[in-house]
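*Asks:* Below is one structure. I have some questions about it.
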Amino acid sequence: MRSTTTNRIPNRRPSLCFVLDMAEVAIIRENARIVQIDPWNRLDCDRPDNTRETDWIGECLDELLDFANDFNVHVQVIAHPSKVDSRSRGDKPKLEDIAGSKHWDNKVDLGLCVHRPKVFENGERKTEADLWVLKSRFDECGYSCKLPVNYDLVEGRFKAT
């Protein structure tokens with residue numbers, strides 16, 4: 001196991017170390033090829049007191065990249081933007097809008113955003129959204145673009161239109 005701290009089962013907020021330990025188990029036992037952390041803000045922040053949040057996030061992203069390379073797996077992190085101000089309400093979020101650090105834009109290889117400009121309109125639930133490829137470091141992963149999608153209320157997932 002990769003853990004350097006005690007490997008206790010968390011009540012509700014696991015640490016990144018615990019998640020990676022469990023991911024390693026899934027990779028070895030079940031041949032898992034994708035590790036998804038969803039959502040990032042539910043992890044227990046085990047950041048040392050003397051470390052700035054942006055530095056801690058940068059270290060975590062480096063650790064995730066090392067993990068992906070060590071185990072030859074795809075690692076996905078679902079992270080939400082910080083609250084938007086009134087100036088940018090309605091605009092799609094950017095990777096740098098994710099709470100905590102500009103590293104979300106600098107260090108990731110692929111950055112996607114699902115943007116729903118309107119969730120409700122005139123008391124009716126809206127399902128239209130756009131899937132934005134905001135960043136792709138490697139050509140084989142795609143390129144910056146916008147893809148229209150709809151949220152399927154029955155299945156609880158987005159589908160291409």
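The values are calculated or read from the model by the stated rules, or taken from the named source; none is laboratory data. Values in this document were obtained by computation on a predicted structure and should not be read as measured data. Virtual Cβ from ideal backbone geometry, glycine too; neighbours counted across all protein chains shown.
*Asks:* Answer yes or no: is there a residue in the stretch 45-56 that is assigned to a loop (DSSP other than H, G, I, E, B), touching a Leu at 6+ places or on another chain (Cβ under 8 Å) and surrounded by 12 or more Cβ atoms within 10 Å (Cβ to Cβ).
*Replies:* Yes - at least one qualifying residue is present in the stretch 45-56.
*Asks:* How many of the residues in the stretch 12-40 are in contact (Cβ under 8 Å) with a residue 24 or more places away in the chain, among the polar types (S, T, N, Q) and surrounded by fewer than 13 Cβ atoms within 10 Å (Cβ to Cβ)?
*Replies:* 1
*Asks:* Please pick out the residue among Val114, Val149, Val108 that is surrounded by 13 or more Cβ atoms within 10 Å (Cβ to Cβ), out of contact with any Pro (no Cβ under 8 Å at 6 or more places or on another chain) and farther than 30 Å from Arg52 by Cβ.
*Replies:* Residue meeting the stated conditions: Val149.
*Asks:* Within the set of pairs 6+ apart or on separate chains, which have a first residue in the stretch 41-58 that is under 15 Å from Trp104 (Cβ atoms), a second that is modelled with pLDDT under 90 and among the basic types (Lys, Arg), and C-beta atoms under 8 Å apart?
*Replies:* Leu43/Arg13; Glu53/Arg47; Thr54/Lys102; Trp56/Arg47
*Asks:* Okay, moving on. Pick from Val19, Val75: which is outside any helix (DSSP H, G or I), modelled with pLDDT of 85 or more and under 28 Å from Pro93 (Cα atoms)?
*Replies:* Result: Val75 is the single residue among Val19, Val75 that is outside any helix (DSSP H, G or I), modelled with pLDDT of 85 or more and under 28 Å from Pro93 (Cα atoms).
*Asks:* Right, next: Can you pull out the residues in the stretch 81-125 that are within 21 Å of Gly156 (Cβ to Cβ) and either at pLDDT below 85 or not in a loop (DSSP other than H, G, I, E, B) (or both)?
*Replies:* Correct list: Leu112, Cys113, Val114, His115, Phe120, Glu121, Glu124, Arg125.
*Asks:* Could you tell me which residue of the stretch 126-161 is modelled with the highest pLDDT, considering only residues that are in a loop (DSSP other than H, G, I, E, B), within 23 Å of Trp104 (Cα to Cα) and small (Gly, Ala, Ser)?
*Replies:* Out of the qualifying residues, it is Ser144.
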